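Participant: I'd like to ask you about the structure that follows.
Please treat every number below as a calculation from the coordinates, not as lab data. This structure is a prediction, so every number in the text was calculated from the model and none was measured. No Cβ is skipped: glycine too gets one built from the backbone with ideal geometry, and neighbour counts run over all protein chains shown.
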Amino acid sequence: MPTRVVRVKLLFDARARIAALLWLVKPRVVGGDLGQATVRVVPCDLRRRVDERNATHDDEEWRMAPQSRVAPTMGGASHVIARDERYGEVTDDDVRHFVRCVGGDAAGVVVSTSATATNSKAADGAGDALDKYNVDWMGKYHGRSRVAVLPKTTKELSAIMSRCHARNLAVVPQGGNTGLVGGGVPAYDEVVVNLGRMNAIVSIDEDAGVSVVEAGVVLEELESAVRARGMTVPLDLGAKGKCQMGGCVSTNAGGLRLLRYGSLRGSVLGLEIVLANGEVLDLLRTLRKDNTGYDLKQLFIGAEGTLGIVTKIAILTPRAPTNVNVALFGLDSFASCVELLKLARGRLGEILSAFEFFDRESLDLVLEQLKGTRDPLAKPCPFYVVVETSGSVKSHDNAKLQAFLKIVKNKRVIVDGVVGKDEKHAFALWTLRERISVALKYAGAVYKYDISLPTARMYNLVTTLRARLAPQFGSGVKVLGYGHLGDGNLHLNISCAEYTDALERAIEPFVYEYTRDERGSVSAEHGLGIMKAEEIIYSKDAKAVELMGAMKRALDPRGILNPYKVLPAATRVAALIPMSRL
Ligand code: FAD
Ligand code: MLT
Ligand code: ZN
């Protein structure tokens with residue numbers, strides 16, 4: 001079949017420029033904006049009232065609804081865990097203390113308004129003020145915290161953590177709540193510390209190409225701010241309109257630009273952290289080179305809020321490419337996708353900036369669920385690849401892309417292809433890949449696995465799982481494969497009407513064992529959260545997990561930071577210093 005290559009037209013970062021539009025015109029499936037929609041029950045002239053300690057009036061204002069004893073739900077039987085009774089329970093007095101910590105600011109403390117506070121909607125259907133903090137983006141993990149605190153400064157957060165430490169109150173740090181492994185919502189009744197109000201861009205240094213931001217800055221807002229100065233953020237992901245820089249650092253998010261800029265670990269130059277006991281650890285430097293001892297900031301990158309709370313970040317913001325092209329190809333086998341990657345690396349070289357793949361099943365779901373999307377090619381193909389090039393010399397970049405197109409066509413590596421003819425078209429092509437996770441959310445329940453595997457064999461897991469599930473579950477259960485092929489990262493998703501133990505048992509531990517046997521990683525970029533805390537052993541040996549436990553013990557001896565997450569229960573318990581010795 002002849003390749004339908006549309007005229008190459010230069011694009012000035014189509015995705016970045018149209019991203020804002022996306023959030024305006026598409027339904028906002030990632031929930032309300034945390035900054036604007038804070039539901040609160042605090043009085044306006046709070047400062048005066050909270051200073052009147054022990055006043056009866058205050059006691060009434062700050063009394064939380066009685067706590068429900070319903071167990072939390074976590075999207076499947078294997079994830080139901082019991083509350084660790086060593087942690088204290090938040091009292092009205094704690095809440096009053098938190099209010100003082102935030103200087104009496106009415107928007108800084110949110111308490112539950114119903115007894116369900118909650119793993120589900122209240123009986124009257126009205127919901128609870130804490131629901132948006134208790135439930136994750138997928139609607140899969142439901143905690144039941146009764147208080148969320150939203151500090152505005154490091155000092156306020158430090159005071160909050162001192163109180164939690166002294167009272168042995170468990171805490172869950174929360175950013176934009178877009179995480180996909182249940183790490184950013186409480187497992188039980190942890191105090192939610194949401195960073196959404198620490199959202200200042202502290203500095204943007206064009207000469208050095210470095211920006212310093214508070215943790216609550218939303219990724220897309222930072223991108224817009226640095227774009228205005230000709231720079232870019234070396235990170236881009238589908239949740240950019242809501243995820244926060246602190247959340248991204250804490251998950252070491254990968255995303256769509258990793259192929260170009262490498263892991264976030266290399267782009268973060270410095271961090272400010274509030275430790276479990278409230279102490280502030282100042283690692284906030286903007287130096288490119290700094291070999292003075294251990295690189296402690298790396299401990300906090302990807303720690304998912306279990307070792308400290310990130311409050312400020314210094315991050316490289318390199319010059320933005322001025323010339324961006326996007327092409328989408330249809331291919332008839334996964335082997336051809338891999339062959340295309342090899343050719344792209346060889347022929348496009350330094351201008352190759354993204355290489356993403358998805359299968360036909362993923363595209364079908366997008367077309368079915370997302371309004372305004374359409375089949376990009378004349379005929380369906382089993383596989384699709386999005387290739388993006390970014391450079392700064394139009395003639396050079398275009399010549400390279402044209403040569404690449406000619407080769408892949410002549411070698412018949414692709415079946416069909418299309419190049420974005422303008423920004424709108426390029427954006428439409430990117431949407432088909434970038435919003436698969438949104439389509440999955442609309443479609444119902446989804447089991448998500450985020451796996452690193454040897455690139456050439458990556459898709460075998462999808463076909464193997466399909467063969468495994470089909471006889472028992474039929475066509476009601478769909479197995480989809482997509483991901484960051486250029487990074488060896490498969491997103492294996494099982495879409496179904498509802499979460500069932502039978503289906504989960506058919507998938508797990510099979511997927512983890514398969515990954516272990518391939519010496520892959522059970523968490524390529526999303527983290528372990530609560531979903532895979534026990535599963536770390538499939539990708540890390542016992543000694544490594546033991547050392548992680550030692551680090552946890554050193555930094556958070558009471559284990560109050562994000563309990564139940566990242567490390568297996570046995571390691572977490574061993575890491576706790578007995579109360580009698582504290
Ligand atoms: P949250 O979800 O709030 O928290 C995530 C974890 O970090 C939790 O463990 C939380 O406790 C901890 N945390 C949050 N803030 C802090 C802080 N300041 N200090 C310490 N700990 C903190 N991920 C990718 O890697 N690549 C992708 O391409 C990608 N695409 C996505 C697309 C969509 C549509 C969605 C919904 C999610 C996607 N994700 C992706 C997952 C998610 O967006 C990222 O993990 C993101 O980094 C989470 O940021 P957040 O601010 O929402 O963090
Ligand atoms: C993606 O690459 O689309 C994200 O990591 C989200 C997902 O895995 O669904
Ligand atoms: Zn991803």
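Participant: What order, most packed first, do the peptides 141-148, 249-256 have when packing is the mean number of other Cβ atoms within 10 Å of each residue? Don't skip to the end; give the middle numbers.
Facilitator: On the way: 141-148: 26.6, 249-256: 24.9.
So the peptides 141-148, 249-256, ranked by packing, come out 141-148, 249-256.
Participant: Let me ask something else about it. Which entries of 132/152; 242/379; 242/448 show an alpha-carbon separation above 24 angstrom in the structure shown?
Facilitator: 242/379
Participant: If you average the alpha carbon positions of the stretch 421-459 and of the stretch 127-180, how far apart do those two centres end up, in angstrom?
Facilitator: Each part reduced to its Cα centre gives a spacing of 29 Å.
Participant: Another question about this same structure. Would you work out if the stretch 223-364 is rounded, prolate or oblate? Take a ≥ b ≥ c from the square roots of the eigenvalues of the alpha-carbon gyration tensor; rounded if a/c is under 1.5, else prolate when a/b is larger than b/c, oblate otherwise.
Facilitator: It is prolate, given that a/c is not under 1.5 and a/b is the larger ratio.
Participant: Listed here are the pairs 297/394; 140/552; 409/532; 240/421; 289/406; which of them are more than 31 Å apart at the Cα?
Facilitator: Beyond 31 Å: 297/394; 409/532; 289/406.
Participant: Assuming a ≥ b ≥ c are the square roots of the Cα gyration tensor eigenvalues, decide whether the stretch 301-442 counts as rounded (a/c under 1.5), prolate (otherwise, with a/b larger than b/c) or oblate.
Facilitator: oblate
Participant: Please work out whether the stretch 423-517 counts as rounded, prolate or oblate from its C-alpha gyration tensor, where a ≥ b ≥ c are the square roots of the eigenvalues and a/c under 1.5 means rounded, while otherwise a/b larger than b/c means prolate and anything else oblate?
Facilitator: Numbers: a/c = 2.38, a/b = 1.30, b/c = 1.83.
Judged from the Cα gyration tensor, the stretch 423-517 comes out oblate (a/c at least 1.5, b/c at or above a/b).
Participant: Mind sorting 355, 300 by how few other Cβ atoms lie within 10 Å of their own Cβ, fewest first?
Facilitator: So the ranking, lowest neighbour count to highest, is 355, 300.
Participant: May I ask you to sort 388, 339 by Cβ crowding, counting other Cβ atoms within 10 Å and putting the fewest first?
Facilitator: 339, 388
Participant: Neighbouring Cβ atoms within 10 Å as the yardstick, rank 153, 455 fewest first.
Facilitator: Values: 153 15, 455 18.
Arranged by neighbour count, lowest to highest, 153, 455 become 153, 455.
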